[in-house]
Amino acid sequence: MAMTQFQALKEILRLALPILVGNLSYALLGISDTVMAGMAGTADLAGVAVGGSFFFPAAMFMNGLMSTLQPQISRHRGANAFHKIPGTHLTAVIVTVGFSLLLMALLLFLALCVLKLDSDARMDETARIYVLAVALAMPCSALYFACRAYCEAMGHTRATLYFGFVALFYNIPLNYIFIFGKLGAPALGGAGCGVATLISITLSLITFILYIRAVPLLYENSLRFVKSLPTLRELKDFTLTALPLGISASVECSCFTVIAVLLSPLGPLAVSSHSVAMSITSFIFNLPLSLGIATSIAVGYNIGKNALPALRDTIRAAYKLAFLGAFINILILLTLRHTLCSLYTDDAAVAAFAAALLIYSALNQISENTQTVQAFILRGFKDSATIFKSTLLSFYLIALPLGFTLCYGYLGTAFTGPAGFWAGIFAGLSFAALYYRRRVLHHYRALKAQIANTATGA
């Protein structure tokens with residue numbers, strides 16, 4: 001490996017490792033909610049699961065919107081245009097907070113007027129209170145994502161690590177207080193997870209703001225030094241770039257909820273086993289996700305500098321890390337699958353079935369890791385339209401239809417049951433990896449031609 005490419009690999013890892021640890025901490029938040037809600041009872045656990053099916057796509061939507069910010073700010077850094085950073089950040093904040101208010105209104109409407117679960121009164125109450133609480137957390141969540149994306153784009157990815165642990169520090173004791181009614185708080189059962197989420201996000205946001213104020217580089221380029229409000233054109237341009245990414249993140253998240261619903265006729269064993277396997281797969285997905293975020297920052301920086309050789313080395317290093325990440329995840333899934341599944345359930349049948357499904361998950365890792373990193377490379381090129389198209393095609397026109405027909409034996413009996421959906425996901429992810437590869441090459445060659453033309457005065 002050439003020294004410059006080795007340096008690019010080191011830079012991606014320097015950015016990615018703190019993001020990875022922070023992301024794993026955030027993932028543990030969801031696991032802690034599940035475990036502690038389960039301690040309050042089965043109906044409480046089910047209510048939190050129902051409420052989460054509304055909250056997580058909304059949160060992923062806002063996180064997707066804000067993923068536009070990292071490569072844009074890193075471009076400004078690469079071009080040494082630091083004066084543009086506060087305005088770009090403010091534009092992202094205004095757009096994301098605006099959408100968060102719409103999501104808050106939608107969730108409040110769902111909780112108050114739509115969410116009626118006739119099967120169990122306790123589950124219904126838990127779900128409604130949970131959704132009401134997390135709805136009120138939407139604006140703070142938007143600002144929290146804005147602070148996180150800003151710090152990462154400025155190269156301070158350790159902030160993600162610090163505040164992942166801070167969020168855990170807040171959330172777990174708050175869960176305990178509001179689930180079980182400690183320190184004078186009402187005993188809300190599983191619904192207490194929603195109240196804990198609202199408070200912990202608010203506290204985490206305040207702590208994040210104080211951190212930005214304390215770090216000179218972050219403070220000197222922060223919103224405090226915005227010289228003018230963004231124009232309508234700037235707001236529109238950011239929205240047109242960010243909205244496809246927000247929708248893509250939400251669509252991808254909701255796809256797995258849809259799969260659980262489509263599996264429901266097969267009974268609780270199939271649904272539970274699939275849910276366990278998907279939860280483990282989602283947890284290890286934090287590795288390619290973190291590599292992808294770091295790659296988008298490095299790609300944006302090199303594009304801002306017009307540093308084509310460094311950009312080429314960064315992309316090549318990102319591919320190598322994607323394959324390395326796939327190998328690590330495959331090793332984890334194949335060697336620890338029985339142990340991991342047993343952590344989720346005491347039901348031997350569910351654990352065995354889920355462990356078998358993790359073999360399919362292992363087969364998906366190369367395409368999963370590759371397409372994830374490539375999607376973030378495209379973020380660096382500001383190509384959100386390709387990500388949006390690919391997400392719709394991969395999940396809703398390939399993975400779901402193919403998975404359904406395989407699951408219920410319409411295309412033979414080789415992949416009947418939950419395995420059919422995992423085979424469908426494999427097809428969708430493989431399509432995305434090939435499609436993204438073509439678009440990455442297109443953008444690199446276009447930028448190369450543009451730089452060459454500028455150099456010759458053409």
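The values are calculated or read from the model by the stated rules, or taken from the named source; none is laboratory data. These numbers come from a predicted model, not from an experiment. Positions of Cβ are backbone-derived with ideal geometry, glycine not excepted, and every protein chain shown enters the neighbour counts. Keep in mind that these areas ignore ligands, DNA and RNA; they rest on the heavy atoms of the full protein, side chains included. Shrake-Rupley method; radii C 1.70, N 1.55, O 1.52, S 1.80 Å.
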* Structure fact -> Restricting region 255-270 to residues that are open to solvent by less than 40 Å² (accessible area, probe 1.4 Å) and modelled with pLDDT of 75 or more, the one farthest from F61 (Cα to Cα) turns out to be G267
* What pairs can you find where one residue is in region 121-134 and closer than 10 Å to G47 by Cα, the other is basic (K, R), and their Cβ atoms are less than 8 Å apart, with a gap of 6+ or different chains? -> D124/K116
* Taking the residues in region 394-413 that are within 30 Å of T239 (Cα to Cα) and open to solvent by 60 Å² or more (accessible area, probe 1.4 Å) as candidates, determine which candidate is modelled with the highest pLDDT. => L397
* In the set Y150, Y144, Y130, which member is part of a helix (DSSP H, G or I) and farther than 24 Å from K84 by Cα? -> Y130
* Structure fact -> Result of the Cβ filter at 8 Å on region 58-77, keeping first residues that are touching a residue at least 12 places away in the same chain (Cβ under 8 Å) and more than 14 Å from S254 (Cβ to Cβ) and partners that are part of a helix (DSSP H, G or I) and of a type in the set (K, R), at least 6 apart or interchain, is M66/R148; S67/R379; T68/R379; Q70/R379; P71/R379; H76/K84
* Condition check for S250: within 30 Å of T91 (Cβ to Cβ), open to solvent by 20 Å² or more (accessible area, probe 1.4 Å) and either among the aromatic types (F, W, Y) or under 15 Å from the mean Cα position of the chain (by Cα) (or both) -> yes
* Asked: Picking from A349, A318, which residue would you name as being of a type in the set (A, V, I, L, M) and crowded, with 19+ Cβ neighbours inside 10 Å?
  -> A318
* To do: Confirm whether P288 is under 26 Å from F376 (Cβ atoms) and either open to solvent by 30 Å² or more (accessible area, probe 1.4 Å) or within 15 Å of the chain's Cα centre (by Cα) (or both).
  => yes
* To do: Can you confirm whether region 141-158 contains a residue that is β-branched (V, I, T) and surrounded by fewer than 24 Cβ atoms within 10 Å (Cβ to Cβ)?
  => no
* Considering region 208-228 alone, what residues qualify as being at pLDDT 90 or above and open to solvent by 20 Å² or more (accessible area, probe 1.4 Å)? -> I209, L210, Y211, R213, A214, V215, P216, L217, Y219, E220
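To keep it simple, each residue is scored yes or no on (1) farther than 20 Å from I280 by Cα; (2) under 18 Å from the mean Cα position of the chain (by Cα); (3) at pLDDT 90 or above.
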{"position": "M39", "(1), (2), (3)": "yes, no, no"}
{"position": "V48", "(1), (2), (3)": "no, no, no"}
{"position": "R77", "(1), (2), (3)": "yes, no, yes"}
{"position": "H83", "(1), (2), (3)": "yes, no, yes"}
{"position": "G87", "(1), (2), (3)": "yes, no, yes"}
* **Residue satisfying all of: in region 8-58; among the polar types (S, T, N, Q) and buried (at least 19 other Cβ atoms within 10 Å of the Cβ); farthest from L245 (Cα to Cα) among these** => S25
* To do: Output the residue which, of all residues in region 414-458 that are without any contact (Cβ under 8 Å) to a residue 12 or more places away in the chain and outside any helix (DSSP H, G or I), is most open to solvent (accessible area, probe 1.4 Å).
  => A458
* To do: Name the one entry in F61, F82 that is open to solvent by less than 30 Å² (accessible area, probe 1.4 Å), hydrophobic (A, V, I, L, M, F, W, C) and either out of contact with any His (no Cβ under 6 Å at 6 or more places or on another chain) or within 22 Å of S275 (Cβ to Cβ) (or both).
  => F61
* To do: Mind counting the residues in region 321-346 that are open to solvent by 10 Å² or more (accessible area, probe 1.4 Å), farther than 30 Å from K389 by Cα and in a helix (DSSP H, G or I)?
  => 12
* Asked: (1) out of contact with any Ser or Thr (no Cβ under 8 Å at 6 or more places or on another chain); (2) part of a helix (DSSP H, G or I): which one isn't true of G304, the others all being true?
  -> (1)
* Residue pairs meeting the criteria (Cβ under 8 Å; at least 6 apart or on separate chains; first among the aromatic types (F, W, Y), in region 83-101; second open to solvent by less than 20 Å² (accessible area, probe 1.4 Å)) -> F99/M62; F99/L65; F99/A142; F99/G246
